[in-house]
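Below is one structure, written out as structure tokens; comments come after it.
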Amino acid sequence: MTTNDVWTFIRALVTNPSRVSAIAPSGAALARLITSEIGAASGPVLELGPGTGVFTDALLARGVTPGNLTLVEYGAEFARLLQRRFPGMRVLQMDACQLGGRDLFKAQPAGAVVSGLPFLSMPDKVASILGGAFSILRGDGAFYQFTYGFRCPVPKAVLEDLDLEAVCIGRAFCNLPPAAVYRITRRGAEIRQTLG
């Protein structure tokens, strides 16, 4: 992460703290954990709220090709930073609530979604974001969400309404602050993991 990335993060945090909802960019330990089940064989991957691109770097390091990676970023300052850091990669500046029904990968469903969105500070949007994401995920695809909280950031009622289940895949204690990662899938789905 460059000094410019850090300043972009700080400006965004000062301008709109509830949208950023973090005291520091995600660290390498959290990036490794949230991308640990994803690789080149996962197929298209959608990243929501990539911010400074820490998870993006981890996805690329795990073999996800730039052509198989789409970044959805709401903040203009982060979208510009991502376009500079990852030239040629598709960066969509939009609200993740607008995902439903979009053909992001030329009629091929996504294999995974990695979310850096602050679900705990946007409870009214969680159901529409998950519903939209699962409308573009293949049947065995998974949605990966991190949280600084002590339990899954998706309310049980939302999981039940969307027929989803969540499992904690680990905790990144070295992150500032420490974080947990949840894999959210369709209830009863056989998950094809790409461990590496």
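Observations, loosely collected:
- Single residue of region 33-73 satisfying the filter (touching a residue at least 40 places away in the same chain (Cβ under 8 Å) and surrounded by fewer than 18 Cβ atoms within 10 Å (Cβ to Cβ)) that is nearest to N175 (Cα to Cα): G63
- Residue match in region 91-98 (condition: open to solvent by 20 Å² or more (accessible area, probe 1.4 Å), within 26 Å of C174 (Cβ to Cβ) and part of a loop (DSSP other than H, G, I, E, B)): no
- Any pair with Cβ under 6 angstrom, 6 or more apart, that starts in region 139-151 at a residue that is assigned to a loop (DSSP other than H, G, I, E, B) and ends at one that is open to solvent by less than 10 Å² (accessible area, probe 1.4 Å) and at pLDDT 95 or above: none
- Among all positions in region 168-181, there is no residue which is of a type outside the set (S, T, N, Q), assigned to a loop (DSSP other than H, G, I, E, B), open to solvent by 70 Å² or more (accessible area, probe 1.4 Å) and over 23 Å from L59 (Cβ atoms).
- Any hit, region 143-159, residues being small (G, A, S) and buried (at least 16 other Cβ atoms within 10 Å of the Cβ): no
- Note on region 99-138: residues that are open to solvent by 20 Å² or more (accessible area, probe 1.4 Å), in contact with a helix residue (DSSP H, G or I) (Cβ under 7 Å, 6 or more places away or on another chain), under 19 Å from L164 (Cα atoms) and not in a loop (DSSP other than H, G, I, E, B) amount to 2.
- Note on region 81-90: among residues that are assigned to a helix (DSSP H, G or I) and in contact (Cβ under 8 Å) with a residue 24 or more places away in the chain, the one that is surrounded by the fewest Cβ atoms within 10 Å (Cβ to Cβ) is R85.
The values are calculated or read from the model by the stated rules, or taken from the named source; none is laboratory data. From a predicted model like this one, the values you see are computed outputs, not experimental measurements. With ideal geometry, Cβ positions are generated from the backbone for all residues, glycine too; neighbour counts draw on all protein chains shown. The accessibility values were calculated without ligands, DNA or RNA, using every heavy atom of the protein model including side chains. Shrake-Rupley method; radii C 1.70, N 1.55, O 1.52, S 1.80 Å.
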